[in-house]
Amino acid sequence: MTCPAEMDPSLTGLAGVVRDTLQGILIPGATVTAIWTEGEGRQRTVSVDADTEGVYVLCGLPPLEDLTVSARFTSFRTEPARVNIAPGPPAGWDILVGVEEGALARLLTVPGRIVGRVLDRRSGRPIEAANVVLSDTLLAEDQQGMTDGSGRFMFTDLDPGMYRVTVDHLTFDPLDQLVRLPSDRTVQVDFELSVDPIELAPIVVTALREKRLELQGFYDRRELGEAIGAGIFLTRDDIQDAGAIRVTHYLGRIPGVRTECSGGANNNCTIRMTRGAPSLSSRAEYGCMNANVYLDGVRVIRDGGAGESIDNFVSPSEIAGIEVYRGPSELPAEFGGAVGRCGAIVIWTGPGIRRNSG
């Protein structure tokens with residue numbers, strides 16, 4: 001377990017698992033927090049959520065400083081512990097959270113959803129009226145549904161566990177897939193069906209949706225955007241695969257988005273939307289100076305934002321998803337209106353990342 005490569009090398013971290021004190025059960029989603037005091041009495045806080053296996057990696061901590069570390073899971077909290085970390089990789093530190101007997105089982109079995117889409121592998125078109133069956137050994141009977149005009153299906157209010165999703169249509173070969181559904185999550189399962197059994201095996205793509213992005217409507221906007229050709233949507237995996245050191249460097253690779261840097265080594269970079277309404281500046285040929293930039297729903301940069309850089313607000317390792325709208329015609333209502341003439345960049349942070357406050 002390591003911290004992001006782009007993190008300040010002078011900083012360190014903690015890593016380990018969060019367990020229940022009674023039964024030793026790993027606790028997914030528990031929040032681990034470290035607090036310390038810098039010069040002039042300024043208090044700093046860094047938090048991270050444990051993953052689905054109860055594993056956490058808390059980065060951005062100063063070495064050889066007195067830290068106060070605690071963990072919480074819903075209403076249950078640990079007593080703060082004093083920690084002093086040596087320089088280097090994250091130090092091992094397992095945490096025990098006292099949870100009332102019986103409460104953990106209830107809290108870890110929050111219903112989830114299985115959603116997906118069925119497409120014709122050859123043409124890429126959605127398959128309407130495909131029969132979708134959800135089976136589970138614990139269910140008295142299977143659940144059945146049909147895909148809509150966009151080839152989409154959904155099963156809600158499902159207990160965590162292992163399910164089998166089977167897709168069948170008169171014109172295509174049937175296909176099924178085992179799906180593991182964690183507590184309080186949405187799993188997306190997309191099917192590509194073939195007509196001719198001689199073709200290569202049908203394709204199934206399974207993805208675990210990030211809870212925060214789903215709550216903020218990211219996936220709904222992505223589905224609509226893909227259907228009408230409006231917006232570009234990037235997930236944490238897209239950003240990590242690109243290996244970009246700064247957010248602006250990654251955004252500059254998108255058609256219709258230009259990165260302009262005034263500092264050395266590609267520092268102090270701003271974004272210019274080449275598809276937006278003309279800028280009032282002397283460099284109008286390049287489009288709008290800055291699109292509106294929203295961070296977790298709050299606008300942090302306004303159109304023509306005096307050269308402010310997105311990199312001053314967030315780093316790639318902190319991002320769960322990005323929505324890029326390159327002009328007013330692409331904007332959804334919540335990010336449009338009179339202030340949207342240059343489009344918008346909407347950034348969502350999420351669990352498993354580093355947050356600073358103070």
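The values are calculated or read from the model by the stated rules, or taken from the named source; none is laboratory data. If you're wondering where the values come from, they're calculated on a predicted model, not measured in any experiment. Neighbour counts run over all protein chains shown; Cβ positions are idealised from the backbone, glycine included. Note: areas computed on protein heavy atoms with side chains; ligands, DNA, RNA excluded. Shrake-Rupley method; radii C 1.70, N 1.55, O 1.52, S 1.80 Å.
Proximity of backbone amide H atoms, modeled 1.01 Å from N, is registered between I85 and L64, E65 at under 5 Å, excluding neighbours fewer than 5 places apart on the same chain.
Annotation for S123 and T206: the two label points, set 7 Å from Cα along the Cα-Cβ direction, are 2.9 nm apart.
I need the calculated FRET efficiency for the pair L64 and I228, taking r as the beta carbon distance and R₀ as 56 Å, to the nearest 0.05. Write down the numbers at each step before the final one.
Numbers: r = 54 Å, r/R0 = 0.97.
Efficiency, rounded to the nearest 0.05: 0.55.
Each residue of the range 209-216 was assigned a 3J(HN,Hα) from its phi angle through the Karplus curve 6.51 cos²θ - 1.76 cosθ + 1.60 (θ = phi - 60°); the sequence is 6, 6, 4, 4, 5, 5, 5, 8 Hz, with glycine and proline shown as x. Please work out the C-alpha center-to-center distance from the range 20-62 to the range 219-256 and express it in whole Å. Cα centroid to Cα centroid, the span is 29 Å. Calculated FRET efficiency, D184 to S135, Cβ-Cβ distance, R0 = 22 Å: about 0.50 to the nearest 0.05. Dividing the alpha-carbon radius of gyration of the chain by the rule-of-thumb value 2.2 N^0.38 Å gives 1.14.
Tally the DSSP beta bridges in the chain and give the antiparallel ones as a percent, rounded to 5. Intermediate values should be presented prior to the final figure.
Working: 73 of 90 bridges.
If we restrict to bridges inside the chain, about 80 percent are antiparallel.
Residue by residue, the range 160-175 carries 3J(HN,Hα) couplings of x, x, 9, 10, 10, 9, 10, 10, 9, 8, 4, 8, 10, 6, x, 8 Hz when phi is fed to the Karplus relation 6.51 cos²θ - 1.76 cosθ + 1.60 (θ = phi - 60°); x denotes Gly or Pro. Note on R77/A333: beta-carbon distance plugged into 1/(1 + (r/R0)^6) with R0 of 41 Å gives a FRET efficiency of 0.55. Ranked from largest to smallest solvent-accessible area, with a 1.4 Å probe on the protein heavy atoms, C3, C261 come out as C261, C3.
If you wrap the range 1-136 in the convex hull of its Cα atoms and look at it from every side, the mean projected area works out to 13.3 nm².
Would you calculate, for the chain, the mean residue ellipticity at 222 nm contributed by helices, counting each DSSP H stretch of 4 or more residues as -39,500 (n - 2.57) and dividing by all residues, to the nearest 500?
Numbers: 5 runs with 33 residues, N = 358.
Helix-only estimate at 222 nm: -2000 deg cm²/dmol.
Ordered by 1.4 Å accessible area with all protein chains kept, M154, M273, M7 run largest first as M154, M7, M273. Of the solvent-accessible surface of the range 52-207, computed with a 1.4 Å probe over protein heavy atoms with every protein chain present, carbon and sulfur atoms account for 51 percent.
Accessible surface for the chain, divided over its residues, is 50 Å² per residue with a 1.4 Å probe. Per-residue Karplus couplings for the range 32-38, computed as 6.51 cos²θ - 1.76 cosθ + 1.60 with θ equal to phi - 60°, are listed in order as 9, 10, 10, 10, 8, 10, 8 Hz, Gly and Pro entered as x.
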